1. Once the Cα atoms of helix 121-134 and of the chain are each reduced to a long axis, what angle between those two axes, in degrees from 0 to 90 to the nearest 10, is obtained?
2. What do you get for Rg/Rh of the chain when both radii come from the Cα atoms and Rh is the Kirkwood radius?
3. Beyond 16 Å, what share of the Cα-Cα pairs of region 16-136 remains, rounded to the nearest whole percent?
4. Under 5 Å between amide hydrogens, which residues at least 5 positions from Arg258 or on another chain qualify, with H placed 1.01 Å from N in the peptide plane?
5. Given a 1.4 Å probe and heavy atoms of the protein chains only, how would you sort His62, His134, largest accessible area at the top?
6. Taking the alpha-carbon distance from Lys178 and a cut-off under 28 Å, which lysines remain once sequence neighbours fewer than 8 residues away in the same chain are dropped?
7. How would you classify region 208-325 from its alpha-carbon gyration tensor, with a ≥ b ≥ c the square roots of the eigenvalues: rounded for a/c under 1.5, else prolate if a/b is greater than b/c, otherwise oblate?
8. I'd like the Karplus ³J(HN,Hα) series for region 268-274: coefficients 6.51, -1.76, 1.60, θ = phi - 60°, whole numbers in Hz, and an x wherever there's a Gly or Pro.
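The values are calculated or read from the model by the stated rules, or taken from the named source; none is laboratory data. Keep in mind that what you see is a predicted model, and the values were worked out from it rather than measured. Methodologically, a virtual Cβ is constructed for each residue, glycine included, from the backbone with ideal geometry; neighbour enumeration extends over all protein chains shown. Ligands, DNA and RNA are stripped out before the accessible areas are found, and what is left, the full protein with its side chains, is counted by its heavy atoms. Shrake-Rupley method; radii C 1.70, N 1.55, O 1.52, S 1.80 Å.
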Amino acid sequence: MRAADGHALSYSQVVRALLVVNPQATTTTPAGRDVLAHALASDVKLEVIETSYRGHAADAAHQAAADGFDLVIAHGGDGTVNEVVNGILRGGPRPEKPMLGVVPGGSANVFAGALGIPRDPVEATHVLLQAIEHGTRRSIGLGQVFANVIEGGRWFTFNAGMGLDADVVAGVERKRAKGRNASPALYLSVALRAYAQIVRKPQHFVVEVPDEAPFDDVGMVFVSNTDPWTYFGDKPIQLNPSTSFDGGLGLSALRTMRVPTVGRYIAQILATGNPKGGNLVRRDDVGYVRVKCEEPANLQVDGDFLGTTTAVEFRAVPDALTVAL
């Protein structure tokens, strides 16, 4: 791009950016927000908004897209990133949509980690400023989920699922609503109770992927949009290591939830990150995953509990989002 006098116009001179801050995120602080805003304001025309209700980040990002902003920066955890992405893409992907910037501020920051963005907010801000200065960006694919509990569908950036993982997400949300902080110990304790419940009352899913017969009576369903699927503390949890932002969705589903099968599956994940086995249904690059069940089951996307449903379709959408990186 060139100015009227013919000299090169730097990318940073034309960027209009919105910084969306979740003040309730695990590692965000007022001081950190101010430092981040000051650093960004030196390079872009910046506006800042702090979220105050669930869905606020999505509404702010949607308004920024309508107002012609070039960049929307999410400063918070994966839930904040998910909301911002859904706000940017409300109405569907289009070339004129703003880019996404990410400065981690949560406990897991899975999406940022999968993109190679540092967890440290100061380091992540430096990476973002370099991307703004040099005009570098990356186009990535996303997942989209459709169910009767979601009006118009919901985008997800790294994972989704029905059954055990969604039970854990729902349980952790209840604990956090009572004042508990998210931590690996909390997730582990909730997961053990959720698994015990499934052993007493198994869930039964039918799973469909393209060009194959349905898989009947599956016990749980994990869907990945990239690798890793999540983190346990600093340990990456890899269910579909061949899945990436440049391909389709990954499916990891167990045919049975019996203790020997689940124990072997978890051991493989922790030891090799490349689970295999006769009771494992795994596909690493599919265009869609459809799941049905007779009894309503919990549904989660990007660690956000969406409710219960009996039928879901997860779709891969290539090149859905541009990230400043």
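1. That works out to roughly 60 degrees.
2. For the chain, the value is 0.99.
3. 55 percent
4. Amide H neighbours of Arg258, under 5 Å, 5+ apart: none.
5. Numbers: His62 65, His134 125 Å².
Per-residue accessible area, sorted high to low, gives His134, His62.
6. Lys201, Lys235
7. Verdict is rounded for region 208-325.
8. So the Karplus estimates, Gly and Pro as x, are 5, 4, 6, 8, 10, x, 9 Hz.
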